[in-house]
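Enquirer: Handing you this structure, nothing more for now.
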Amino acid sequence: MPTLQDVAREAGVSKMTVSNVLNGRRDRVSPATIARVMEVVGRLGYVPNATARSLSARRSNIVALAFPGRDSSRGEPLMDPHDSVFLAEVESHVTRAGLYLMAHSVNSVESTADSLRSWNVDGAIFLGTRADEVAALHRAYEAPMVFIDNHGTSPHISNVGIEDRLGGHLAARRLIEAGHRRIGFVGPRFDEPGVVRERHAGFVQALAEAGLSLRPEHVVRCNTSFDAAVAVAQQVLAAPQRPTAIFATADIIAAGLLKGFVRAGCPVPDEMSIIGFDDLEVARHVTPEITTLRQDIPAKARAAVEVLLAQLAQWPSARSERRVLGVTLIERGSVGPPPASMPGAPLRVYR
């Protein structure tokens, strides 16, 4: 089992420096040295004495990952594959940093603050928060916080997200270039600022650039779950002048739609094209495999932990940080030309 001396030797620093990093006295250590020490701790698998660390630093060494509870439109807690992958990656990076992860579902700002306070967590990463909840959480509990995919505009928010608007734009352009003119949008509600609204905005912008528009009857609300999407497929097919292509805001929705369409006698992509979002395993486990917008979820989790560790090192004078990761269109088999029996208006050609 590696020792404190092993970590110090490998990192090229003194035992006291390693102790300062692990015990929260990071104001005495440069950010570069902190990063080097934590990298060695993770690589060697060094596990410090948690009890001694907590007592000496007056810290719990617990990091919380708070995610939406059962009342959320996202469905059952952590049933969304995106969230499951994210949780596993966060746990791995938190453990390598010598801390402990507490996963906790929440339904309100008040209950979240109470839980963080009762466990005396050192910091928290939040999944699925609304833009208006950020200030309330900061008022309710003073600790380093990192938000995931939160499109709030507060200058005090530390957020890690992706180029959601670009993803929606790329999805629409791909379907337009395939020849589609009636394109639908399926995803959760987007009344407030957030991921779905951004993807919708980019989607609508690309349609407008091609001289097209999104018809209200082609916008279908659907929770982020496979079963909900299977049921929603009937609603899509029943729309007046039904769309010939769909952009789904998550792969799990795209997979459910695919099953629903095929069950209804509407083969993909012969009569309906689909693009998803995330590039999760489910997109490759269906036939045809789903064309999708890939986001690097492991990279997003790693960035979230890095930002939180930086906040912990500089607390309470830590500055907010925003990181935005890119998206990439992944071509598979769920996009084809529209059926010849469904002609539409002429397209404006991109140059």
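Enquirer: What does the convex hull of the Cα atoms of the chain come to per residue, in Å³, rounded to a whole number?
Expert: Measuring per residue, one finds 144 Å³ for the Cα hull of the chain.
Enquirer: Which distance in nm do the two modelled labels at Thr3 and Glu110 give, with both placed 7 Å along the Cα-to-Cβ direction?
Expert: Using points 7 Å along Cα→Cβ, the separation is 5.3 nm.
Enquirer: With +1 on the Cβ of every Lys and Arg and -1 on the Cβ of every Asp and Glu, and nothing else charged, how large is the dipole of the chain about its Cα centre, in debye rounded to the nearest 20? All intermediate terms of the calculation are to be shown ahead of the outcome.
Expert: On the way: 39 positive and 37 negative charges, 127 e Å.
Here the chain has a charge dipole of around 620 debye.
Enquirer: Taking the Cα centre as origin and putting +1 on Lys and Arg beta-carbons and -1 on Asp and Glu beta-carbons, what dipole magnitude results for the stretch 134-255, to the nearest 20 debye?
Expert: Working: 12 positive and 12 negative charges, 90 e Å.
Value, rounded to 20: 440 debye.
Enquirer: Among Leu214, Met145, Val90, whose Cα projects farthest towards the positive end of the dipole of the stretch 82-227, with charges put on the beta-carbon of Lys, Arg (+1) and Asp, Glu (-1)?
Expert: It is Leu214, whose Cα lies furthest towards the positive end.
Enquirer: Once R0 is set to 41 Å, what does the formula 1/(1 + (r/R0)^6) return for the Cβ-Cβ distance between Arg189 and Ala340, expressed as a FRET efficiency to the nearest 0.05? Write out the running numbers ahead of the final one.
Expert: On the way: r = 35 Å, r/R0 = 0.86.
About 0.70, to the nearest 0.05.
Enquirer: Oh, and also: Select from His104, Pro188, Phe226 the residue farthest towards the positive end of the dipole of the chain; place +1 on Cβ of Lys and Arg, -1 on Cβ of Asp and Glu, and compute about the Cα centre.
Expert: His104
Enquirer: Of the heavy-atom accessible surface of the stretch 206-343 (probe 1.4 angstrom), what whole percent is carbon and sulfur? Mind showing how you got there, number by number?
Expert: Values: 2910 of 5810 Å².
Solvent-exposed carbon and sulfur of the stretch 206-343 make up 50 percent of the total.
Enquirer: Further question on the same structure: If each DSSP helix of 4+ residues adds -39,500 (n - 2.57) and the sum is divided by the residues in the chain, what number results at 222 nm, nearest 500 deg cm²/dmol? Don't skip to the answer; put the middle values down first.
Expert: Details: 12 runs with 145 residues, N = 351.
Per the formula, -13000 deg cm²/dmol.
Enquirer: Looking at the P(r) of the stretch 55-203, how many percent of alpha-carbon pairs lie beyond 20 Å?
Expert: On the way: 5991 of 11026 pairs.
When all Cα pairs of the stretch 55-203 are counted, 54 percent exceed 20 Å.
Enquirer: Further question on the same structure: If I model a spin label at Ser213 and Glu281 as a point 7 Å from the Cα along the Cα→Cβ vector, what separation in nanometres do I get?
Expert: It is 4.4 nm.
Enquirer: If you count only protein heavy atoms with a 1.4 Å probe, what accessible area per residue comes out for the chain, rounded to a whole Å²? Write down the numbers at each step before the final one.
Expert: Values: 15950 Å² over 351 residues.
Heavy-atom SASA per residue in the chain reads 45 Å².
Enquirer: Can you tell me the length gained on complete extension of the stretch Lys15 to Ala136, counting 0.36 nm per residue apart and subtracting the Cα distance?
Expert: On the way: separation 121, 0.36 × 121 = 43.56 nm, distance 4.03 nm.
Difference between extended and current length: 39.5 nm.
Enquirer: Only Cα pairs under 8 Å and at least 6 apart count here; give the relative contact order of the chain as a rounded whole percent.
Expert: Numbers: 705 pairs, mean separation 59.1, N = 351.
Relative contact order, the chain: 17 percent.
Enquirer: Next up: Quick one: what does P(r) look like for the stretch 283-346 with 10 Å bins over all Cα pairs, in whole %?
Expert: Values per bin, smallest distances first: 17, 26, 22, 16, 13, 6, 1.
Enquirer: Still on this structure: Roughly how many percent of the accessible protein surface of the stretch 95-157 is carbon and sulfur, given a 1.4 Å probe and a whole-percent answer?
Expert: On the way: 1470 of 2920 Å².
C and S fraction of accessible area: 50 percent.
The values are calculated or read from the model by the stated rules, or taken from the named source; none is laboratory data. In this text the structure is predicted, and so the values were computed from the model without any measurement. Glycine also receives a Cβ, built like all others from the backbone with ideal geometry; neighbour counts cover every protein chain displayed. Remember, those area values only see protein heavy atoms, side chains included, never the ligands or the DNA or RNA. Shrake-Rupley method; radii C 1.70, N 1.55, O 1.52, S 1.80 Å.
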